[in-house]
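Data first, discussion second: the structure below is written as structure tokens.
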Amino acid sequence: MSRFHKNSIFVVLGIRVILATGLLVAGDASAANLLTNGSFESGLAPWTFTLGSGVQGVQYQDGTTHDDGNWSEAIQAWSPTSAVLWGARLSQGGISLSAGQVVTVSFAAMATTTRPLSAGIQQTSGTWSWYGLQAFSLTPYWTNYTFSFTMPSNDSNTSLNFEMGNMAGDVWIDNVSVTVSGATAAAAAAPSLALGDSPNFNYGNPLWDTNLTSLTQDGNEINRKFAFMLGFSAWANGGSPVLFSSTQPGMDALNNAGYGIVLTWCAQDSQGPAIDPRYNYASILSGQYDAYISQWAQSAAAWGHVFYLRLFHEMNGTWYPWGIDINGNTPALAIQAWQHVYNIFQSAGATNVKFLWCPNAVVPGYLTDSFASFYPGDAYVSWLGMDGYNYGLYGEQMWQVPFSQFTQVFQYTYDQMISTVSSAKPIMVVETASAAGAGATDKANWITQMQNDVPTLFPNIQAVSYYDYWDSDQPPDFWRFDSDPFSLQAFTALAADSRWQGALQ
């Protein structure tokens, strides 16, 4: 619920953060508020206000406008504004939190004009990682904001930070609280997730880049190393077979650098038609490609290192030659073709190759063939996978697709897979990303929701790979996690979360 009060004085020249006092004094034991003076009735202490280099601004207690009570906290900053959010920051430290606690941050705020503000709980030492972070879009009216997250580890000295340094203007804040509830069994038992990257093709196919240029650049942006990389290789290129030896140098570089490898092995000619019938299941079962598949299997076995082979991915779609409902393909043929390729690898002794079965995510009403009808069986699969995207308000090629949160994209498919396919196999979200929404912080909030919902609501998911690839019919930053400052900050917080530090097993 929101409350609105007209503000009688607006200063348009810069950013002013005004702390509004409320009826509830922060730190009141009955409210379980972990903050002191969260409503600013007692002045500014123990809050601290910092400005980045070259930024001019001021913080003060304001009695002319407030959400409740008699006072608010105001912050005003003038140009030049900082290029980063933390160029203007209001903080209170000394907050002790425990692993598994559900932490809720609430506050009221307003601004001279619609402008962004980020709020979150951060480490006060070490890597300065965010435990929970949310981006908001303030308006010229008092509005109540809240968000929650599960604390991933014990920390006796965290800080609540409000950051607004990348835009000039006035901000008022009031009624701030940080409250906690007990640990949940799901949070306590949640495994550590492996975070992967599907890098851009700026430097050519990343699977062939022995310098790991794009992958390293992506990792540097979020101050950590990804656990694994997703790459792609077709069976042919302009009629010439693509041999394992052409991918091996890149795979050597990844393996030597400690990355897991997920290789999407596309049964198609990269220069041929998108749904080339020469690569349908009947052709594969005819033995036409057995020599090629055997070469790959023998070379993979000789290489010896573990990697994940994503075969016939998104087979429930109609955009690849192996799509189940095109080119004469059927669910039964899909199973037979999968088992045929798998058996060739087993005969070659390529037990280091882990087969990853990955349909495209669907929503209720769009599951033409049940997942169970084309699943090869647990004996032929190491991991289950899902691909799914949030196309945002406009979407790819201006599709009018509603903005969908992570749970809306994957919940139905996840439920179907664990109930009708296999509840024993680990699940990898192999491709996912979000486009921008109508609001400046929609994409950042999508990333934050993924950060918190995957460990708590999807216990079988053990790995997620974010898709940073650029398709030529989209803007270069359409999917990128660094497409805007808020999204980059949110993804950096996800990458620092202790629940997202796992490795592929």
| remark: Taking region 247-281 and the residues there that are closer than 15 Å to residue 320 by Cβ and part of a helix (DSSP H, G or I), the one that is least open to solvent (accessible area, probe 1.4 Å) would be 281
| Yes or no: residue 214 modelled with pLDDT under 95 and part of a helix (DSSP H, G or I)? | yes
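Answer yes or no as to whether residue 152 is at pLDDT 85 or above and in a loop (DSSP other than H, G, I, E, B).
Taking the combined requirement at face value, the residue does not satisfy it.
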| request: For residues that are under 21 Å from residue 225 (Cβ atoms) and either assigned to a strand (DSSP E or B) or in contact with a His (Cβ under 6 Å, 6 or more places away or on another chain) (or both), scanning just region 123-142, find the one that is modelled with the lowest pLDDT. | output: 130
| field | Selected residue (only one of 471, 477 is within 22 Å of residue 263 (Cβ to Cβ), surrounded by fewer than 24 Cβ atoms within 10 Å (Cβ to Cβ), of a type outside the set (Phe, Trp, Tyr) and modelled with pLDDT under 90) | value | 471
| said: Quick check on residue 145: is it open to solvent by 20 Å² or more (accessible area, probe 1.4 Å), over 18 Å from residue 455 (Cα atoms), at pLDDT 90 or above and outside any strand (DSSP E or B)? | reply: no
| note | Per the filter on region 206-220, residues open to solvent by 40 Å² or more (accessible area, probe 1.4 Å) and under 15 Å from residue 467 (Cβ atoms) are none
| task | Mind telling me which of the residues 160, 195 ends up being within 23 Å of the chain's Cα centre (by Cα), part of a strand (DSSP E or B), at pLDDT 90 or above and within 17 Å of residue 487 (Cα to Cα)? | result | 195
| query | Mind checking which residues of region 356-375 are buried (at least 20 other Cβ atoms within 10 Å of the Cβ) and more than 14 Å from residue 409 (Cα to Cα)? | reply | 356, 357, 358, 371, 374, 375
| query | So, of the residues in region 428-441 that are at pLDDT 90 or above and of a type outside the set (Gly, Ala, Ser), which turns out to be surrounded by the fewest Cβ atoms within 10 Å (Cβ to Cβ)? | reply | 432
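Taking the options 340, 305, name whichever one is farther than 24 Å from residue 387 by Cβ and at pLDDT 95 or above.
The unique qualifying residue is 305.
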| Which one of these does residue 413 not meet: (1) farther than 23 Å from residue 307 by Cα; (2) buried (at least 19 other Cβ atoms within 10 Å of the Cβ); (3) under 15 Å from the mean Cα position of the chain (by Cα)? | (3)
| task | Tell me which residues, restricted to region 430-460, are farther than 13 Å from residue 405 by Cβ and of a type in the set (Asp, Glu). | result | 431
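Do we have any residue at all in region 91-98 that's within 26 Å of residue 58 (Cβ to Cβ), outside any strand (DSSP E or B) and open to solvent by 10 Å² or more (accessible area, probe 1.4 Å)? Before the answer, list the steps.
Of region 91-98, the ones within 26 Å of residue 58 (Cβ to Cβ) are 91-95.
Remaining after also requiring outside any strand (DSSP E or B): none.
Among the residues of region 91-98, not one is within 26 Å of residue 58 (Cβ to Cβ), outside any strand (DSSP E or B) and open to solvent by 10 Å² or more (accessible area, probe 1.4 Å), which makes the answer no.
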| message | Going by what's in this entry, would residue 257 be described as touching a residue at least 12 places away in the same chain (Cβ under 8 Å) and more than 25 Å from residue 413 (Cα to Cα)? | response | yes
| Restricting the search to region 325-336, which residues are under 33 Å from the mean Cα position of the chain (by Cα) and of a type outside the set (D, E, K, R)? | 326, 331, 334, 335
| Unique match (being closer than 21 Å to residue 430 by Cβ and open to solvent by 50 Å² or more (accessible area, probe 1.4 Å)) among 306, 242 | 306
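The values are calculated or read from the model by the stated rules, or taken from the named source; none is laboratory data. Remember, it's a predicted structure, so these values are computed and weren't measured experimentally. We place every Cβ from the backbone using ideal geometry, glycine too, and count neighbours over all the protein chains shown. Note: areas computed on protein heavy atoms with side chains; ligands, DNA, RNA excluded. Shrake-Rupley method; radii C 1.70, N 1.55, O 1.52, S 1.80 Å.
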